Amino acid sequence: MKHVIIGNSAAAIGCVEGIRRASRTDDIVLVAAEPHHTYSRPLISYLMAGKTDRTKIRYRPENFYRANGVQAKLGRRALGIDPAGKIVTLDGGETIAYDNVLVATGSDPLIFPAEGLDQVENVRTFTTLDDAEALLRSVTAETRVFVVGAGLIGLKCAEGLRAITEHITVCDLAPRVLSSILEDAPAAILRRHLEENGIVLKLGTSVSSFARAGAACTATLRTGETVPFDQLVYAAGVRPNTALVKDAGGDVNRGILVDTLCRTSLPDVYAAGDCTESPDACSGERKVMALLPNAYLQGETAGITMAGATAPTLPLLPMNAIGFFGLHLLCAGVYDGERTEHTDGQNYRSFYTRDNTLRGYILLGRVERAGIYTALIRGRTPLDALDFAALRDQPGLIAFAGPVRAEILRNQDNQRKREAAAP
Amino acid sequence: MKKIYVREEWCLGCHLCEYYCANANLGGGNMAKALKGRPVHPRIRVEDDGKISFAVACRHCDEPLCRKGCIAGAISVADGVVCIDREKCVGCYTCILSCPYGAVLPAEDGHAVQKCELCIQTAGGSPACAEHCPNRAIVFEEGGASA
């Protein structure tokens with residue numbers, strides 16, 4: 001069997017490792033547009049802050065491709081897939097025949113048009129190693145940085161740059177930070193923490209126009225305020241890269257549509273990671289869940305399936321672990337049903353329950369052992385079978401009934417089987 | 001492979017395993033001297049509600065969600081032991097979000113995580129918690145036969 005993997009990040013690497021779990025001998029060709037060894041995209045903000053480096057940012061050891069028998073074609077772009085002829089065409093016209101192909105092409109950042117944007121030089125986005133290195137070259141202690149977008153990417157970029165310059169302003173149309181994953185109360189705590197650490201936030205507004213005078217630029221916000229800056233970073237969302245599947249005639253919505261085994265609507269064409277749309281185990285809705293753990297799990301599942309073995313399919317959840325200036329935020333699931341919340345002003349925790357199950361949670365500050373909650377969501381564990389009131393205050397296995405706890409502690413595989421059995 | 005198993009009915013709730021774990025991970029030696037007057041950060045934790053007590057440490061899963069989800073590629077499996085590369089870890093806590101046992105914990109400095117690695121780096125492959133448990137409530141064995 002010959003497998004072609006298009007991409008080189010978490011989903012692609014998961015696919016390599018999935019294939020190798022099932023087969024030591026199948027051929028694997030990996031094609032990626034970026035010339036770099038596989039690296040961790042979420043770590044680029046840590047690179048800015050000096051908390052990782054060009055070597056440590058590698059997602060897998062240097063010998064990964066050789067050790068896994070992968071023919072890596074890095075710096076090459078896949079231009080098309082012919083699902084009838086089972087051929088991938090690369091830039092330069094080279095063709096590769098496949099038995100199975102995985103599309104793990106991720107997403108690209110969006111730059112919304114705005115009046116005067118064409119006058120601004122060096123507009124950057126913040127999703128790749130090259131983006132981070134370009135900012136490291138251009139930003140100094142004197143640089144005033146303006147970040148459009150107070151989501152995960154924009155705020156991590158701001159935090160990373162804060163190690164270099166004190167002058168950082170972040171703007172977002174939403175009235176709160178991390179609007180896609182936080183509700184108002186925890187967002188207010190996080191906002192205060194960011195501001196205490198020197199990030200200037202302009203929320204609930206957007207840029208009406210940009211203007212340039214010499215090297216310096218100015219953004220005028222819809223509130224009428226002006227923000228002078230030297231470096232602009234766009235972090236206002238991403239678009240899944242679906243073209244390869246769409247052009248080949250496959251089903252695509254916002255992302256490439258895949259089932260729980262990561263099969264697309266085209267035979268022997270799989271897709272995984274940020275370019276896909278798949279069912280959220282909590283809500284049942286199809287979503288682009290552009291998160292690294294999900295990308296890896298999808299890639300691994302695709303790889304095992306491509307190699308002809310039976311893959312365990314874990315239900316995928318929206319879930320995030322992220323920290324800013326020492327304040328950690330962990331959240332998972334969906335925020336519907338009955339909410340209970342507790343805060344002391346610094347730490348915050350809320351839980352969402354419905355139909356005797358935990359649906360979601362948000363923890364800010366004190367986050368230890370949060371995975372116990374995540375497992376309850378993933379496994380749809382009936383809450384009346386455990387002491388949930390105690391568990392909310394203090395996550396621990398002691399909240400489970402004795403025999404259940406004994407099973408959990410004895411054999412980790414039971415947990416996996418329970419999760420795999422969840423619909 | 002041999003793993004740590006706990007026998008809840010034998011646990012006295014003495015927390016000695018936590019001290020031996022912390023000491024082993026500080027390089028062993030005289031425990032009283034090493035730990036006197038400082039907070040301990042063990043990789044095994046005793047849960048205790050006054051009636052029931054038992055210790056929890058990494059289960060070294062066959063399908064480790066911590067490794068699969070690690071955004072830094074800092075978690076690997078070597079001969080069945082799930083290990084963290086502290087140099088690569090950036091302390092994002094995705095593993096804490098993922099571990100169903102709550103067995104991955106923030107390290108003392110908060111900039112990375114730590115977990116039980118069965119004392120492979122410290123006490124020569126014989127976990128200090130099991131070695132020193134006074135009531136054999138923690139055992140290091142194949143398959144948890146006696147657990």
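Structural remarks
- Any hit, the stretch A:276-296, residues being in contact with a helix residue (DSSP H, G or I) (Cβ under 9 Å, 6 or more places away or on another chain), farther than 24 Å from A:Tyr335 by Cβ and in a loop (DSSP other than H, G, I, E, B): no
- Among the residues listed as A:Gly14, A:Gly7, the single one being closer than 17 Å to A:Pro293 by Cβ and touching a Phe, Trp or Tyr at 6+ places or on another chain (Cβ under 7 Å): A:Gly14
- Checked against (1) more than 11 Å from chain B (Cβ to nearest Cβ); (2) in contact with a Leu (Cβ under 9 Å, 6 or more places away or on another chain); (3) crowded, with 18+ Cβ neighbours inside 10 Å, A:Thr343 passes all but a single condition, namely (3).
- Count of residues meeting criterion [free of Cβ contacts under 8 Å to residues at least 24 places away in the same chain and of a type in the set (Gly, Ala, Ser)] in the stretch A:246-290: 2
- Only one entry in A:Ala163, A:Ala158, A:Ala104 is of a type outside the set (S, T, N, Q), under 27 Å from B:Gly91 (Cα atoms) and free of Cβ contacts under 8 Å to residues at least 60 places away in the same chain, namely A:Ala158.
- Residues in the stretch B:57-90 that are facing another protein chain (nearest Cβ under 7 Å), touching an Asp or Glu at 6+ places or on another chain (Cβ under 9 Å) and not charged (D, E, K, R): B:Cys61, B:Ala72, B:Gly73.
- Filtered by the rule that a residue be farther than 13 Å from A:Val101 by Cβ and either buried (at least 16 other Cβ atoms within 10 Å of the Cβ) or modelled with pLDDT under 95 (or both), the stretch A:244-257 gives A:Val252, A:Gly255, A:Leu257.
- Leading residue by the ranking (nearest to the chain's Cα centre (by Cα)) among those in the stretch B:24-36 that are open to solvent by 40 Å² or more (accessible area, probe 1.4 Å) and under 17 Å from B:Gly125 (Cβ atoms): B:Asn25
- Residues of the stretch A:55-89 classified as in a strand (DSSP E or B) and more than 27 Å from the chain's Cα centre (by Cα), total: 3
- Residues that are under 20 Å from the mean Cα position of the chain (by Cα) and more than 17 Å from A:Asp82 (Cβ to Cβ) are absent from the stretch A:223-231.
Quick grid of which residues meet (1) out of contact with any strand residue (DSSP E or B) (no Cβ under 8 Å at 6 or more places or on another chain); (2) surrounded by 15 or more Cβ atoms within 10 Å (Cβ to Cβ):
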site	(1), (2)
A:Lys56	yes, yes
A:Asn63	yes, no
A:Asn68	no, yes
A:Pro83	no, yes
A:Val88	no, yes
A:Asp91	no, no
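- Residues in the stretch A:12-32 that are touching a strand residue (DSSP E or B) at 6+ places or on another chain (Cβ under 8 Å) and part of a loop (DSSP other than H, G, I, E, B): A:Asp26 only.
- Scanning the stretch A:41-54 for residues that are more than 7 Å from chain B (Cβ to nearest Cβ) and within 19 Å of the chain's Cα centre (by Cα), we see that the one that is most open to solvent (accessible area, probe 1.4 Å) is A:Arg41.
- Qualifying positions in the stretch B:11-45 - touching a Ser or Thr at 6+ places or on another chain (Cβ under 6 Å) and among the hydrophobic types (A, V, I, L, M, F, W, C): B:Cys11, B:Ala24
- The residue list A:Asp280, A:Asp247 contains one member that is charged (D, E, K, R) and in contact with a Lys or Arg (Cβ under 8 Å, 6 or more places away or on another chain), which is A:Asp280.
- Close pairs (6 angstrom Cβ cut-off, 6 or more residues apart or separate chains): touching a residue at least 40 places away in the same chain (Cβ under 8 Å) in the stretch A:49-65, assigned to a loop (DSSP other than H, G, I, E, B) anywhere: A:Ala49/A:Ala163; A:Ile57/A:Ser40; A:Tyr59/A:Thr38; A:Tyr59/A:Ser40; A:Tyr59/B:Gly73; A:Arg60/A:Thr38; A:Arg60/B:Gly73
- Restricting A:Gly326, A:Gly365, A:Gly360, A:Gly379 to those that are within 14 Å of chain B (Cβ to nearest Cβ) and buried (at least 22 other Cβ atoms within 10 Å of the Cβ) reduces the list to A:Gly360.
- Boolean, B:Cys21 is in contact (Cβ under 8 Å) with a residue 60 or more places away in the chain and crowded, with 23+ Cβ neighbours inside 10 Å: yes
The values are calculated or read from the model by the stated rules, or taken from the named source; none is laboratory data. Everything quoted here is computed from the prediction, not taken from an experiment. Cβ coordinates were reconstructed from backbone atoms using ideal geometry, including for glycine residues, and neighbour counts include every protein chain displayed. Only protein heavy atoms, including side chains, enter the accessible area calculation; ligands, DNA and RNA are left aside. Shrake-Rupley method; radii C 1.70, N 1.55, O 1.52, S 1.80 Å.
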